[in-house]
1. Collect the residues in the stretch 13-43 that are surrounded by 14 or more Cβ atoms within 10 Å (Cβ to Cβ), among the β-branched types (Val, Ile, Thr) and touching a helix residue (DSSP H, G or I) at 6+ places or on another chain (Cβ under 9 Å), keeping them in residue-number order.
2. Check off (1) open to solvent by less than 70 Å² (accessible area, probe 1.4 Å); (2) in a loop (DSSP other than H, G, I, E, B) for GLU104 and give me the number that stays unchecked.
3. ILE24 fails exactly one of the following numbered conditions: (1) over 15 Å from PHE164 (Cα atoms); (2) in contact (Cβ under 8 Å) with a residue 24 or more places away in the chain. What is the number of that condition?
4. Testing GLU186 on (1) crowded, with 19+ Cβ neighbours inside 10 Å; (2) more than 13 Å from the chain's Cα centre (by Cα), one condition comes back false. Which one is that?
5. What about PRO119, is it in contact with a strand residue (DSSP E or B) (Cβ under 7 Å, 6 or more places away or on another chain), within 15 Å of LEU74 (Cβ to Cβ), modelled with pLDDT under 95 and surrounded by 15 or more Cβ atoms within 10 Å (Cβ to Cβ)?
6. Can you name every residue in the stretch 67-78 that is in contact (Cβ under 8 Å) with a residue 24 or more places away in the chain and either surrounded by fewer than 16 Cβ atoms within 10 Å (Cβ to Cβ) or among the hydroxyl-bearing types (Ser, Thr, Tyr) (or both)?
Amino acid sequence: MSELQKLINQLDVEGISSERKQKISEIAGGCMDSFKASGSIAMNFICIHNARRSHLAQVWAWLAAQYFGLDLRLYSGGTEVTAVHPNAIRALEAVGFFVEKRDEGENPIYRISFQEEGPFLDFFSKMYNHESNQAPYIAVMVCSEAEDNCPFIQEAIARFSLPFNDPKFSDGTGKEPEVYQSTSIEIGSQMFY
């Protein structure tokens, strides 16, 4: 079995609620509208700190695009710059992603793949309007705080709300691996749906 298939087999697409499926279908409709208008699709997953949920969404959406052979540009950003949280990195590694830290510092750049030889996705914490997030794009707010506090996004051709519970509540409790992995699989399942 391929590394990609091992990752996909962990997902629970059937367990997604009908309400959530409706929200995801609305986002898919926005993607189709974008494709019809411009011939391309770009999505920017936005959360306050761009440290956990937005990166998990970007990585799993990227994996889904690889699996289905879709030409998508996938970004993440925040309303503040921090760093990708180590627990989010560990959660991705725990389910089978290959993650490499490409540099050191307060906000390192990571490279990820579902197989050692690539393809690769580079990611790091950045503002939603960072130059690497090439506009125009569909903004997907993955936390309610970003939805409530994010200003008007001029670069966005559409804006959708798809919030996930923040796994940071488990930081320092000893339950981080379980909580982060569960959040990662939940986000991955919804990205595949």
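The values are calculated or read from the model by the stated rules, or taken from the named source; none is laboratory data. Quantities reported herein were computed from a predicted structural model and do not represent experimental measurements. All Cβ positions, glycine included, derive from the backbone under ideal geometry; neighbour counts span all protein chains shown. Side chains are part of the model used for accessible areas, which takes the heavy atoms of the whole protein and leaves out ligands, DNA and RNA. Shrake-Rupley method; radii C 1.70, N 1.55, O 1.52, S 1.80 Å.
1. Hits for the stretch 13-43 are ILE16, ILE24, ILE41.
2. The failed condition is (1).
3. In the conditions (1) over 15 Å from PHE164 (Cα atoms); (2) in contact (Cβ under 8 Å) with a residue 24 or more places away in the chain, ILE24 misses (1) alone.
4. Every condition holds for GLU186 apart from (2).
5. no
6. Across the stretch 67-78, the qualifying residues are TYR67, LEU70, ASP71, ARG73, TYR75, SER76.
Yes/no per residue for (1) modelled with pLDDT of 95 or more; (2) more than 15 Å from the chain's Cα centre (by Cα):
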site: PRO151; (1), (2): no, yes
site: PHE160; (1), (2): yes, no
site: ASP166; (1), (2): yes, no
site: PRO177; (1), (2): yes, yes
